[in-house]
Amino acid sequence: MRYNRDMGELRLDELTKIFDDRGTEVVAVDELDLTVRDGEFLVLVGPSGCGKSTTLRCIAGLERVTTGRIRLDGRDITDAKPKERDMAMVFQNYALYPHMTVRKNIGYGLKITTDLSKDEIRERVESTAELLEIDELLDKKPKELSGGQQQRVALGRAIIREPEVFLMDEPLSNLDAKLRTQMRTEIQQLQQEMNVTTIYVTHDQTEAMTMGDRIAILDAGELQQVGTPLECYHSPENRFVAGFIGSPSMNFMETRRDGTSLVHDAFEYDLSERTADRLPVGTDRLTLGIRPEHIELAERSDRNAVATDVSVVEPMGEVTYVYVEIGDTTYTVSVDGETRIDAGDEIAVAFPEEKIHLFDEGGAALKNSDVTERAPPQQRP
Ligand code: ATP
């Protein structure tokens, strides 16, 4: 399918949306600054209620913004009607017309918003259906289709309009886990093929990590970080992002700094002078963060080794999640699936300094993990 479209750089300038909930102000989106580049796949992610859908609905024109501007390729569209915005939205509930065939569902938007001839519409419906591999289903009604097929029809309805921007609001959350993984890849491939600016809303950090060119993380209406998935994973700007991105979540331990030592209720961790020197003076309460996959098994006598009691062991196959008690808190350790550890064991663990994160009392990251990317081994022809 040939896709004719204009550029599509979308800019949000201090976008704010305040709802009036029976006399109480609810700040759903708080001065959000965000630029989505032309052709980019940007995932807007965050916990329930953080303002993702409201942001998307403001961009689509379904919600009137309180303050701030929305620009598409420099054109101010803040007050434009939805149909003047050249955007197509795909929702979680596919909202297909039940009495119409797949063919009519896909072509309906074109029929009412363009002056294309019947033949031109038929051609576009058929090439869109081919692209989505639903051409066999064109004469069926929605109730005869599986959830995945219905979602493809909903995508078809958006694609056929050749918009400048796709807006997707949790489009896969009604599908079972296996289909969701498959559709995730398909949507990514389609988006790459069509190269259309896409904003994809989800609360699922795995979806965000795997699909986004970049991800924007929201909490309580405020933007926490925008970056590539790996930037957000390795270099979270704050504790919220550190805990939200990555699964299982990062472990956090409250410590008090004493010179080069971090003193926790159950252990002491000695920092190298180099790291200690880089910490701002006056930061006494520090949270030590370490991802489950970065904790190493150690000998009790090793430097900085921490003694733990294993409470639960969850084998996943490739890896095993081991829940350990340090003081009165449970932490997660991810070990190789072939490592034999049982509930009730006492094990020592270590937190390699290059992998630890440190956060100040306000949650800002003072130190992140040091990452050196490796090139793959040379491939022989
Ligand atoms: P979810 O993943 O649960 O859909 P979300 O991140 O998309 O969450 P929004 O639906 O954008 O969050 O809601 C953001 C905040 O705005 C929430 O506190 C919500 O209760 C509030 N809100 C949303 N719509 C309205 C409305 N029409 N009137 C009043 N408050 C609203």
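The values are calculated or read from the model by the stated rules, or taken from the named source; none is laboratory data. Computed from a predicted model, the values in this text were never measured in an experiment. Cβ coordinates were reconstructed from backbone atoms using ideal geometry, including for glycine residues, and neighbour counts include every protein chain displayed. Ligands, DNA and RNA are stripped out before the accessible areas are found, and what is left, the full protein with its side chains, is counted by its heavy atoms. Shrake-Rupley method; radii C 1.70, N 1.55, O 1.52, S 1.80 Å.
What does the highest-first list of 97-105, 218-226 look like by mean Cβ count within 10 Å? Show your work: numbers first, answer last.
Numbers: 97-105: 16.4, 218-226: 20.0.
Averaged packing, sorted descending, gives the order 218-226, 97-105.
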Theoretical ellipticity at 222 nm over the chain - DSSP helices of four or more residues, -39500 (n - 2.57) apiece, nearest 500: -7000 deg cm²/dmol
Virtual spin-label span in nm between THR206 and THR78, 7 Å along Cα→Cβ: 4.0
Gained length - ASP284 relative to THR329, 0.36 nm times residue gap less alpha-carbon distance: 14.1 nm
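Pairs to check: LYS17/LYS143; LYS52/LYS140; LYS111/LYS178; LYS52/LYS141; LYS17/LYS367; LYS118/LYS143. Give those whose C-alpha atoms are more than 30 Å from each other in this structure.
Numbers: LYS17/LYS143 37 Å; LYS52/LYS140 34 Å; LYS111/LYS178 35 Å; LYS52/LYS141 32 Å; LYS17/LYS367 34 Å; LYS118/LYS143 25 Å.
Long pairs (Cα-Cα over 30 Å): LYS17/LYS143; LYS52/LYS140; LYS111/LYS178; LYS52/LYS141; LYS17/LYS367.
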Relative packing of peptides 304-311, 81-88 - highest average C-beta neighbours within 10 Å first: 304-311, 81-88
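What number comes out for accessible area per residue over segment 248-367 if the probe is 1.4 Å? Units Å², please.
Details: 6230 Å² over 120 residues.
Using a 1.4 Å probe on heavy atoms only, each residue of segment 248-367 averages 52 Å².
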Space enclosed by the convex hull of the alpha-carbon atoms of segment 248-367, per residue, Å³: 99
Sparse-neighbour loop sites [trypsin sites (Lys or Arg not before Pro); segment 228-336; at most 16 other C-beta within 10 Å; DSSP]: ARG300, ARG303
Relative contact order (%) - criterion: Cα under 8 Å, at least six apart; region: the chain: 15
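Give the carbon-plus-sulfur fraction of the accessible surface of the chain in %, rounded to a whole number; probe 1.4 Å, heavy atoms of protein chains only.
On the way: 8590 of 19740 Å².
About 44 percent, which is the carbon plus sulfur part of the accessible surface.
Please work out the average accessible area per residue across segment 10-234, using the 1.4 Å probe convention, and give it in Å². Working shown, then result.
Details: 10610 Å² over 225 residues.
In whole numbers, segment 10-234 has 47 Å² accessible per residue.
Within the chain, what percent of beta bridges assigned by DSSP are antiparallel, to the nearest 5?
Numbers: 60 of 78 bridges.
Once the DSSP bridges in the chain are tallied, antiparallel ones form about 75 percent.
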Cβ-defined net charge surrounding GLU346, 13 Å radius [Lys, Arg +1; Asp, Glu -1]: -4
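Suppose a student asked you for the relative contact order of segment 146-253, using Cα pairs under 8 Å spaced at least 6 residues apart; what percent would you report?
On the way: 100 pairs, mean separation 19.8, N = 108.
Across segment 146-253, relative contact order equals 18 percent.
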Eligible aspartates and glutamates near LYS355 by straight Cα distance, threshold 13 Å, same-chain separation 8 or greater: GLU293, GLU296, ASP370
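So how strong a dipole does segment 10-234 carry about its Cα centre when Lys and Arg Cβ are +1 and Asp and Glu Cβ are -1, to the nearest 20 debye? All intermediate terms of the calculation are to be shown ahead of the outcome.
On the way: 29 positive and 40 negative charges, 158 e Å.
Result for segment 10-234 is approximately 760 debye, rounded to the nearest 20.
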³J(HN,Hα), Karplus 6.51/-1.76/1.60, whole Hz, each residue of segment 208-218, x for Gly, Pro: 4, 4, 7, 9, x, 5, 9, 10, 10, 9, 10
Assigned charges on the beta-carbon of Lys, Arg, Asp, Glu; the chain dipole about Cα centre (debye): 1840
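So, counting K/R as plus one and D/E as minus one, what does the shell of residues with Cβ under 10 Å around THR283 add up to?
Neighbourhood net charge equals -1.
Loop-only GluC sites (Glu not before Pro) in segment 285-381, please: DSSP not H, G, I, E or B, and at most 12 other Cβ atoms within 10 Å. It would help to have the intermediate numbers written out before the result.
Numbers: sites: GLU293, GLU296, GLU299, GLU318, GLU325, GLU338, GLU346, GLU353, GLU354, GLU361, GLU373; in loops: GLU299, GLU318, GLU338, GLU361, GLU373.
Answer in residue order: GLU299, GLU318, GLU338, GLU361, GLU373.
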Segment 1-73 versus segment 114-136: alpha-carbon centroid distance in Å: 30
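How much length is gained if the chain between THR339 and GLU314 is pulled fully straight, taking 0.36 nm per residue apart and subtracting their Cα-Cα distance, in nm to one decimal? List each step's numbers first, then the result.
Numbers: separation 25, 0.36 × 25 = 9.00 nm, distance 1.18 nm.
Once the chain is fully extended between THR339 and GLU314, it gains 7.8 nm.
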